[in-house]
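A.B. asks: Sending over a structure as structure tokens; questions will come in a sec.
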Amino acid sequence: MDYAAADRTHVWHPFTQQRTWTEAEPLVIASAEGNWLVDTGGRRYLDGVASLWCNVHGHRHPHIDAAVTAQLAQVAHSTLLGLTSTAAVEAAAALTAVAPTRLTRVFFSENGAAAVEVALKMAFGYWRNVGEASRRSFLALDEAYHGDTLGAVSVGGIDLFHAAYAPLLFECFRAPTNLPRRSLDALLGPMDATLSAHAHEICAVVIEPRCQGAAGMITFPDGYLRGVRELCDRYDVLMICDEVATGFGRTGTMFACDSEAVTPDLMTVGKGITGGYLPMSATFATEAVYESFLGDPAEGRQLFHGHTYSGNALAAAACIANLEVFRDEDTLAHAEVAAAAMAARLDTIAEHDQVVDVRRAGMMVGIELDARAGAPGAAAVCARVRDLGVILRPLGPVIVWMPPLSITLDEVELLADATEKAIGELV
Ligand code: PMP
């Protein structure tokens, strides 16, 4: 098959100007091995963005492969509406065992955006259920990204992605994040002021903990998460942590919330939940949120939300196996070593003339280039590193590194060498 031709004829790619796309020769991935993707011509590329931030232990990990294959011999999918399944129950138990302690309930969806929609509906429903129907709004962050469905876009704050849909969105209160000085006072002060005036209208504060990914890896200072938790407690609003990008070890701890021992009321995860194998996401809730939905069926308090593939058995098997690999291979310990190697190379990269800022939270890295008119950008660097055997994808002027947590120290050197060489060639 002529894959490039058939792609141009039939495939509409996400977040892509198709005219530009169809003018270029696409890279067609045929297989993968460990931290490497292999194209139809047999060329190998280091997966420097973990297949859009989701691969954790490398591709074709024997333990996850075996778990999915074994599940296939049992059942691939059965519904969670009116039935339950061994795989989904085991996955929910395994997930709650690693989640912050008060998050005891798991609602399964299929992608990060859906998990966020569910969290918003749970927060909205919670207040209605406890008799405070005046709470109809949310406090979200500037530059936020929570996915592309309309509720998630409403709490999003990236104009380039979100402005096109403005007439379809609900309004939110906002707190600033991308400030020249991101001190705790500068970040938390405006949030405090808004909550103090409007808490009675607000269901929840929604944040990406430790690092706003799609915004270009905007990192938060230590204490920010605790500070937000304290404000939510003081003003009695729920706290939603969107860990779709940060979850499963990406910032150094299993969940970013763990780094400040914070338990949100609702937490969303996706991406790495199956090790990057299969589409699955989850919304975690506390007992208090969960219990507010209990009642007589006729009262109509149940959560009116669900997806066909919620709790899919193959995805659930991958999820369980993913968590087993974390335990058996001490993935977080390895990731810490690899992240330290990345940090060492970033110190040098930061000195380059074209680089205006380097930000890192664990294995989430943003290298921001000078974006003044005429300066060649991160897109050029990402195109060039492909010739050097590395796949990267930029976010505006920011080069992103977000490899699988299983990246080896040699592969870190390759990633850094290729990036440094490509930045050095920019004039
Ligand atoms: N929340 C965050 C923080 C994300 O980074 C993303 C995706 N990059 C999403 C939600 C949406 O996830 P999905 O693409 O699986 O819908």
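The values are calculated or read from the model by the stated rules, or taken from the named source; none is laboratory data. Nothing here was measured: the structure is a model prediction, and the numbers come from that model. Glycine gets a Cβ as well: all are built from the backbone with ideal geometry, and neighbour counts include every protein chain shown.
A.B. asks: So, in region 252-307, exactly how many residues are of a type in the set (Phe, Trp, Tyr) and within 15 Å of residue 99 (Cβ to Cβ)?
C.D. replies: 3
A.B. asks: Please work out which residue is farthest from the ligand (Cβ to nearest atom), limiting yourself to region 116-154 and to residues that are closer than 18 Å to residue 210 by Cβ and in a helix (DSSP H, G or I).
C.D. replies: Ranking the candidates gives 119 first.
A.B. asks: Could you say whether any residue in region 160-176 is within 13 Å of the ligand (Cβ to nearest atom), assigned to a loop (DSSP other than H, G, I, E, B) and either farther than 23 Å from residue 236 by Cβ or in contact with a helix residue (DSSP H, G or I) (Cβ under 9 Å, 6 or more places away or on another chain) (or both)?
C.D. replies: no
A.B. asks: Another question about this same structure. When you scan region 222-244, do you find a residue that is touching a Lys or Arg at 6+ places or on another chain (Cβ under 9 Å) and within 12 Å of the ligand (Cβ to nearest atom), even just one?
C.D. replies: Checked region 222-244: at least one residue is touching a Lys or Arg at 6+ places or on another chain (Cβ under 9 Å) and within 12 Å of the ligand (Cβ to nearest atom).
A.B. asks: So which strands (runs of 3 or more DSSP E) stay within region 321-427 end to end and still have 1 or more residues that are over 19 Å from the mean Cα position of the chain (by Cα) and aliphatic (A, V, I, L, M)?
C.D. replies: 355-361, 364-369
A.B. asks: Next up: Do you know which of the residues in region 195-212 that are surrounded by 24 or more Cβ atoms within 10 Å (Cβ to Cβ) and over 26 Å from residue 125 (Cβ atoms) is nearest to the ligand (Cβ to nearest atom)?
C.D. replies: 212
A.B. asks: Could you please find all residues in region 28-50 being over 16 Å from residue 388 (Cβ atoms) and crowded, with 20+ Cβ neighbours inside 10 Å?
C.D. replies: Within region 28-50, 50 is the sole residue that qualifies.
A.B. asks: Next question, about the same structure. With the requirement that a residue be among the aliphatic types (A, V, I, L, M) and loosely packed, with under 14 Cβ neighbours inside 10 Å, what does region 16-27 give you?
C.D. replies: 24
A.B. asks: Can you confirm whether residue 252 is in contact with a strand residue (DSSP E or B) (Cβ under 8 Å, 6 or more places away or on another chain) and under 18 Å from residue 331 (Cα atoms)?
C.D. replies: Criteria met by residue 252.
A.B. asks: Checking residue 189 against (1) more than 22 Å from residue 400 (Cβ to Cβ); (2) away from the ligand (no atom under 16 Å from the Cβ); (3) in contact (Cβ under 8 Å) with a residue 12 or more places away in the chain: exactly one of these is not met. Which one?
C.D. replies: That leaves (3) as the condition not met.
A.B. asks: Going through region 266-306 one residue at a time, which ones are farther than 26 Å from residue 130 by Cβ and assigned to a loop (DSSP other than H, G, I, E, B)?
C.D. replies: 270, 275, 276, 277, 278, 279, 280
A.B. asks: Which of the residues spanning region 63-114 are assigned to a helix (DSSP H, G or I) and of a type in the set (Ser, Thr, Tyr)?
C.D. replies: Matches in region 63-114: 69, 86, 96.
For every residue, the table says whether it meets (1) within 19 Å of residue 121 (Cβ to Cβ); (2) crowded, with 19+ Cβ neighbours inside 10 Å; (3) not aromatic (Phe, Trp, Tyr).
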position: 276; (1), (2), (3): no, yes, yes
position: 282; (1), (2), (3): yes, yes, yes
position: 296; (1), (2), (3): no, no, yes
position: 302; (1), (2), (3): yes, no, yes
position: 321; (1), (2), (3): no, yes, yes
position: 329; (1), (2), (3): no, no, yes
position: 339; (1), (2), (3): no, yes, yes
position: 356; (1), (2), (3): no, no, yes
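A.B. asks: Show the residue pairs that are 6+ apart or on different chains and have beta-carbon atoms under 7 Å apart, the first residue being within region 5-23 and at pLDDT 95 or above, the second being aromatic (Phe, Trp, Tyr).
C.D. replies: 13/21; 18/12
A.B. asks: Against the definition (within 16 Å of the ligand (Cβ to nearest atom), over 18 Å from the mean Cα position of the chain (by Cα) and under 28 Å from residue 213 (Cα atoms)), how does residue 310 come out, yes or no?
C.D. replies: yes
A.B. asks: Only one residue in 101, 86, 96 is more than 16 Å from the ligand (Cβ to nearest atom) and at pLDDT below 95, so which one is that?
C.D. replies: Answer to the check: 101.
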